[in-house]
Amino acid sequence: MKEMNPIISIKDLSLAYKKEKEITQIFEDFHLDIYPGEKIVLLGESGSGKSTLARVLTGLLPPSARISSGDLVLQDIHLDLNKKFMHWNKIRGKRISMIFQDAMEALNPVITVYDHFKDLLLHHKIVPEKEVRSFAKKILKQLRFEDPEHILESYSFELSGGMCQRICIALCVSLEPEIIIADEPTSALDIINQMEVLKALKSLEGQTVFMITHDISSASMLADRIIILQKGVICESGSRREIIGHPQDPYTRKLIDAYAAVENIQRRKNPEHGEVILQVKDLQKTYGRHKKVLDNLYFSLRKGEVFGILGESGCGKSTLSRCILGLEPVGHGEIMYRDANLLNLNTKARRQLSPQIQMVFQEARGCLHPNYPILKIVQEPLVYNKLYDPSTREQMAKEMLERVGIAEELYERRPPQLSTGQCQRVGIARALITKPEILICDEPISALDVPLQLQILDLLMQLKKEFDLTVILISHDFRVLKNISDTIGVMYEGRFVEITTNPSELINSQNPYVQKLVQASHNAFAELQKNAQ
């Protein structure tokens, strides 16, 4: 492979971001060659330059980027990165295609999934208009969508984060580009769909895949070559067996050790819990006339409990959390918070209770207003609920930002100026500022690199103790839930198929779906151990 000519090369790249008077250097004399048909995985922590590198390769750098030197060569085309390149639109999509990390932001919320396919396929003249629907359905079936017709008529806001991510992957793959740049394509997916997507990417013969991820197990399943990036510098590069089995750089070892640490994370569990403070009874929720998302759902939550909800993308986990918060209408059932049925309350009464139940959303950056400084964002729940005076709100916001590890010099920055991990900490601060009794965490670490996952999980457990929180922790990763949850409920097609206080019962479960979930999680970790031998 090394005797081949690279399909794309970056040479002598020096790049920085200029924000007002502050200049942040990202790359200095950076080099990278990518060869035809390679499956490359780029690993590194948040802020190491991974996504910036993807934007260099696709010509999507923001205006704040400053390039002092560097060339990009795509086979027969030489690109001067200091000049505007008029042919990007001919190359981007058809020759180089990108799967973005924030799927919800990448999709237009006011047009259907079908219209996304139609616009893309007709623009690049892939198929005639009369064949768009059948072509799109075929691609969606390859990515494990059970009802492609329903998906095509849906809007992005009607779908789960995992579904939106798979739609972005389907749009990209439909163009059959020479190079696929995949920026965290599996971070929002459950372990079953992760493996299916990785198998799909690996099976693309003749296509070059350059995947950016924080998930070492995904790297071990896909990569021909793994590149470790730290603060804009390649600190190690080699085959997956070399990197995972015999890492030479301390930073690489840190990443691998952090992944193993998630498997073994522990916390001191409460021997007993208090009274039942939340009960969900016979909850039903339907989208449209036929799509039943929640089906006769029952569960109860005790004071001080960590209730883990496990399930694959689209099973109803996030919809359940939004129903509890009052963000989704409910067709039938009860949601009892202490003695109050939240579904029967009028707007004023519901608002009075809203400070008691708060949420940390899955999309760390997407749920924060992009034009507001974070100091203002954290105060939003206090303003909405008309709590305290302005000076008190600001002081409380500063204290909470400090508590979650956000430095004072960042208070006036907007979310686009922060890393994904920093945005997640801001989201946690905003959720806790009303001092809630119940905190719902919807995939709070899925988009974070592994060292940050450990930090956020540790932070949540510290804050749980400090604020006496009762936590609903939603995840598609059994490794995360098994040691920090007091109770785990497994969701399938809108209902709990198993609820237990003993994770070993799930490991030995006779339910085929539970077996499938737990075994997939085990296989991902086993693949990493196999490559480490």
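The values are calculated or read from the model by the stated rules, or taken from the named source; none is laboratory data. Bear in mind the structure is a predicted one, so any value in this text is a computation, not a measurement. Cβ coordinates were reconstructed from backbone atoms using ideal geometry, including for glycine residues, and neighbour counts include every protein chain displayed. The accessibility values were calculated without ligands, DNA or RNA, using every heavy atom of the protein model including side chains. Shrake-Rupley method; radii C 1.70, N 1.55, O 1.52, S 1.80 Å.
Given the structure, is Leu120 open to solvent by less than 60 Å² (accessible area, probe 1.4 Å), in a helix (DSSP H, G or I) and within 26 Å of Ile7 (Cα to Cα)?
Spelling it out, Leu120 is indeed open to solvent by less than 60 Å² (accessible area, probe 1.4 Å), in a helix (DSSP H, G or I) and within 26 Å of Ile7 (Cα to Cα).
Being crowded, with 23+ Cβ neighbours inside 10 Å, within 24 Å of Ser354 (Cβ to Cβ) and out of contact with any Lys or Arg (no Cβ under 9 Å at 6 or more places or on another chain): is that true of Val426 here?
yes
Here are the criteria: (1) open to solvent by less than 10 Å² (accessible area, probe 1.4 Å); (2) modelled with pLDDT under 90; (3) farther than 28 Å from Leu222 by Cβ. Tell me which single one Met461 does not satisfy.
Result: Met461 passes all but (1).
One residue is enough: does the range 143-152 have a residue meeting the conditions open to solvent by less than 50 Å² (accessible area, probe 1.4 Å), under 26 Å from Ile91 (Cβ atoms) and in contact with a helix residue (DSSP H, G or I) (Cβ under 9 Å, 6 or more places away or on another chain)?
Within the range 143-152, one or more residues are open to solvent by less than 50 Å² (accessible area, probe 1.4 Å), under 26 Å from Ile91 (Cβ atoms) and in contact with a helix residue (DSSP H, G or I) (Cβ under 9 Å, 6 or more places away or on another chain).
Quick check on the range 465-478: of everything there that is closer than 19 Å to Gln362 by Cβ and at pLDDT 85 or above, which residue is farthest from the chain's Cα centre (by Cα)?
Leu469
Within the range 388-405, work out how many residues are without any contact (Cβ under 8 Å) to a residue 12 or more places away in the chain and under 19 Å from Glu466 (Cβ atoms).
Within the range 388-405, residues that are without any contact (Cβ under 8 Å) to a residue 12 or more places away in the chain and under 19 Å from Glu466 (Cβ atoms) number 3.
For Ile234, state whether it is open to solvent by 20 Å² or more (accessible area, probe 1.4 Å), over 24 Å from the mean Cα position of the chain (by Cα) and modelled with pLDDT of 90 or more.
Spelling it out, Ile234 is indeed open to solvent by 20 Å² or more (accessible area, probe 1.4 Å), over 24 Å from the mean Cα position of the chain (by Cα) and modelled with pLDDT of 90 or more.
Can you name the helices (runs of 4 or more DSSP H) wholly within the range 7-115 that have at least 2 residues being over 25 Å from Gly238 (Cβ atoms) and modelled with pLDDT under 85?
In the range 7-115, the matching helices (runs of 4 or more DSSP H) lie at 88-91, 103-106.
Find the residue count for the range 334-351, including only residues that are among the hydroxyl-bearing types (Ser, Thr, Tyr) and farther than 14 Å from Gln279 by Cβ.
1
Given the residues Thr208, Thr213, which is the only one that is in contact with a Phe, Trp or Tyr (Cβ under 9 Å, 6 or more places away or on another chain), open to solvent by less than 10 Å² (accessible area, probe 1.4 Å), modelled with pLDDT of 80 or more and within 28 Å of Leu120 (Cβ to Cβ)?
Result: Thr208 is the single residue among Thr208, Thr213 that is in contact with a Phe, Trp or Tyr (Cβ under 9 Å, 6 or more places away or on another chain), open to solvent by less than 10 Å² (accessible area, probe 1.4 Å), modelled with pLDDT of 80 or more and within 28 Å of Leu120 (Cβ to Cβ).
Let's see how each residue does on (1) within 18 Å of Val450 (Cβ to Cβ); (2) open to solvent by less than 30 Å² (accessible area, probe 1.4 Å); (3) not aliphatic (A, V, I, L, M):
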residue: Tyr155; (1), (2), (3): no, no, yes
residue: Leu159; (1), (2), (3): no, yes, no
residue: Ile180; (1), (2), (3): no, yes, no
residue: Pro185; (1), (2), (3): yes, yes, yes
residue: Leu189; (1), (2), (3): yes, yes, no
residue: Gln194; (1), (2), (3): yes, yes, yes
residue: Val197; (1), (2), (3): no, yes, no
residue: Ser218; (1), (2), (3): yes, yes, yes
residue: Gly245; (1), (2), (3): yes, yes, yes
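Could you list, ordered by first residue, the pairs with Cβ atoms under 8 Å in which the first is in the range 135-155 and in contact (Cβ under 8 Å) with a residue 40 or more places away in the chain and the second is open to solvent by 50 Å² or more (accessible area, probe 1.4 Å) and hydrophobic (A, V, I, L, M, F, W, C), at least 6 apart or interchain?
Pairs that qualify, where the first residue is in contact (Cβ under 8 Å) with a residue 40 or more places away in the chain and the partner is open to solvent by 50 Å² or more (accessible area, probe 1.4 Å) and hydrophobic (A, V, I, L, M, F, W, C), are Tyr155/Val110.
Among the strands (runs of 3 or more DSSP E) contained in the range 440-520, which hold 2 or more residues that are farther than 28 Å from Ser354 by Cα and touching a strand residue (DSSP E or B) at 6+ places or on another chain (Cβ under 9 Å)?
495-500
Of Ala103, Ala136, which residue is touching a Cys at 6+ places or on another chain (Cβ under 9 Å), of a type outside the set (Asp, Glu) and open to solvent by less than 70 Å² (accessible area, probe 1.4 Å)?
Ala103
Starting from the range 406-429, keep only residues that are closer than 22 Å to Thr52 by Cβ and among the polar types (S, T, N, Q), then list their pairs with residues that are outside any helix (DSSP H, G or I) and open to solvent by 20 Å² or more (accessible area, probe 1.4 Å) whose Cβ atoms are within a distance under 6 Å, requiring at least 6 positions of separation or different chains.
Pairs found: Ser419/Ser46; Ser419/Gly47; Thr420/Ser46; Thr420/Ala447.
Are any of the residues in the range 80-92 of a type in the set (D, E, K, R), farther than 30 Å from Lys125 by Cα and touching a residue at least 24 places away in the same chain (Cβ under 8 Å)?
Scanning the range 80-92 turns up no residue that is of a type in the set (D, E, K, R), farther than 30 Å from Lys125 by Cα and touching a residue at least 24 places away in the same chain (Cβ under 8 Å).
Would you tally the residues in the range 12-62 being loosely packed, with under 15 Cβ neighbours inside 10 Å, over 23 Å from His78 (Cβ atoms) and not hydroxyl-bearing (Ser, Thr, Tyr)?
Qualifying residue count for the region: 8.
Of everything in the range 390-414 that's part of a loop (DSSP other than H, G, I, E, B) and open to solvent by 70 Å² or more (accessible area, probe 1.4 Å), which residue is farthest from Leu452 (Cα to Cα)?
Glu412
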